[in-house]
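Asker: There's a structure below that I have some questions on.
The values are calculated or read from the model by the stated rules, or taken from the named source; none is laboratory data. What you see is a predicted model, and the numbers here were worked out from it, not measured in a lab. FYI the Cβ positions are ideal-geometry reconstructions off the backbone, even for glycines, and counts take in every protein chain you see.
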Amino acid sequence: MTPEVVLNVIDRARRKEARSGLFLQQLRDKATTLPSTIEFDGYQPATCLFQFAVEYIEMAPRLIECVEACAREAGKLWLFAPFIETATRYFTQPSAALASNEGLDGLLIRAYLCHRLMEEMYENNYSTRRSQLVDIEVTQANLLAHELIGEPFANELDEASMVTATQIAGTPDYYRLNLDPFVEQARHAAWGWMRDYWEHLLVRNHIRFTLTGGLGTLTN
């Protein structure tokens, strides 16, 4: 798969949305039910959520491309191949349930599965966990996508991601593997643009998470 294949799928969904406006209407409704910890900085919530969702979807093929390139350069492609192939199939060979919806809402679900699988891959190895490659903003982006998809379905997707990751790499041997060569490749300047894009995904779309406690409001 090349990113262009998935980006073409996304482009078709955007054209479909331009004619129907169904996904934007869904987000207007969703914006009124989001937790109070999710705030918007002076912009229309539905517009912010719509652009966030599109960028979140478009990041999925780029993330797959990054993992594949870094794994190849580190000589670990054989190890990451099951994750890459599984994440790719979410878009190219989706299950019947996923394939039934080709709109942006359906692609958001596929992208969420991709991002959550990669997050589980990251958590299942000591080298990648300690690397701090994944910033808190990435986790928050997944949390927002979870909210947009809605429970209990999003919880089922989380469970499916964890089960899949465990089947691929849920062993102590995998956890202890030295993946520092992969981490070094992921830190390479060539992929700096993607890290920066991810880390500013929420800010760029005027969305922020806040935690209100006894000492006031903490903003991440």
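Asker: I'd like to verify a number: residues in the stretch 125-139 that are part of a helix (DSSP H, G or I) and buried (at least 19 other Cβ atoms within 10 Å of the Cβ), how many?
Answerer: Step one: filter the stretch 125-139 for residues part of a helix (DSSP H, G or I), giving 126-131, 136-139.
From what's left, buried (at least 19 other Cβ atoms within 10 Å of the Cβ): 128, 138.
Selection size over the stretch 125-139: 2.
Asker: May I pose another question? In contact (Cβ under 8 Å) with a residue 40 or more places away in the chain, buried (at least 18 other Cβ atoms within 10 Å of the Cβ) and not in a helix (DSSP H, G or I): which single residue out of PHE209, PHE182 fits that description? So that I can check it myself, show each step before the final result.
Answerer: Working: PHE182 fails: not in a helix (DSSP H, G or I).
Exactly one of PHE209, PHE182 is in contact (Cβ under 8 Å) with a residue 40 or more places away in the chain, buried (at least 18 other Cβ atoms within 10 Å of the Cβ) and not in a helix (DSSP H, G or I), namely PHE209.
Asker: Looking at (1) in contact with a Lys or Arg (Cβ under 7 Å, 6 or more places away or on another chain); (2) modelled with pLDDT of 90 or more; (3) within 27 Å of ALA53 (Cα to Cα), which is the only condition THR219 fails?
Answerer: The number of the failed condition is (2).
Asker: Right, next: Which one of CYS48, CYS70 is surrounded by 16 or more Cβ atoms within 10 Å (Cβ to Cβ) and touching a strand residue (DSSP E or B) at 6+ places or on another chain (Cβ under 8 Å)?
Answerer: Working: CYS70 fails: touching a strand residue (DSSP E or B) at 6+ places or on another chain (Cβ under 8 Å).
Exactly one of CYS48, CYS70 is surrounded by 16 or more Cβ atoms within 10 Å (Cβ to Cβ) and touching a strand residue (DSSP E or B) at 6+ places or on another chain (Cβ under 8 Å), namely CYS48.
Asker: Now for a different question. Cβ-Cβ below 9 Å, separation at least six or inter-chain, first residue in the stretch 98-125 and touching a residue at least 24 places away in the same chain (Cβ under 8 Å), second among the hydroxyl-bearing types (Ser, Thr, Tyr) and assigned to a loop (DSSP other than H, G, I, E, B): which pairs?
Answerer: GLY106/SER100; ASN124/THR171
Condition check ((1) touching a Lys or Arg at 6+ places or on another chain (Cβ under 6 Å); (2) at pLDDT 90 or above; (3) surrounded by 16 or more Cβ atoms within 10 Å (Cβ to Cβ); (4) more than 16 Å from ILE149 (Cα to Cα)) across all residues:
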position: PHE52; (1), (2), (3), (4): no, yes, yes, no
position: MET59; (1), (2), (3), (4): no, yes, yes, yes
position: GLY75; (1), (2), (3), (4): no, yes, no, yes
position: TRP78; (1), (2), (3), (4): no, yes, no, yes
position: GLU85; (1), (2), (3), (4): no, yes, no, yes
position: ASN101; (1), (2), (3), (4): no, no, no, no
position: TYR112; (1), (2), (3), (4): no, yes, yes, no
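Asker: While we're looking at this one, here's another question. Specify the residue that is surrounded by the most Cβ atoms within 10 Å (Cβ to Cβ); the eligible residues are those in the stretch 87-97 that are without any contact (Cβ under 8 Å) to a residue 40 or more places away in the chain and in contact with a Cys (Cβ under 8 Å, 6 or more places away or on another chain).
Answerer: Top of the filtered list is ALA87.
Asker: Within the stretch 67-84, identify whether any single residue is aromatic (Phe, Trp, Tyr), within 16 Å of the chain's Cα centre (by Cα) and assigned to a helix (DSSP H, G or I), and answer yes or no.
Answerer: yes
Asker: Among what's in the stretch 151-173 and is assigned to a helix (DSSP H, G or I) and among the charged types (D, E, K, R), pick the residue that is farthest from THR86 (Cα to Cα). Walk me through how you get there before you give the answer.
Answerer: Going residue by residue through the stretch 151-173, those that are assigned to a helix (DSSP H, G or I) are 153-169, 172-173.
Now drop any that are not among the charged types (D, E, K, R), which leaves 156, 158-159, 173.
Numbers: GLU156: 17, ASP158: 15, GLU159: 15, ASP173: 21 Å.
If we take residues in the stretch 151-173 being assigned to a helix (DSSP H, G or I) and among the charged types (D, E, K, R), then ASP173 is farthest from THR86 (Cα to Cα).
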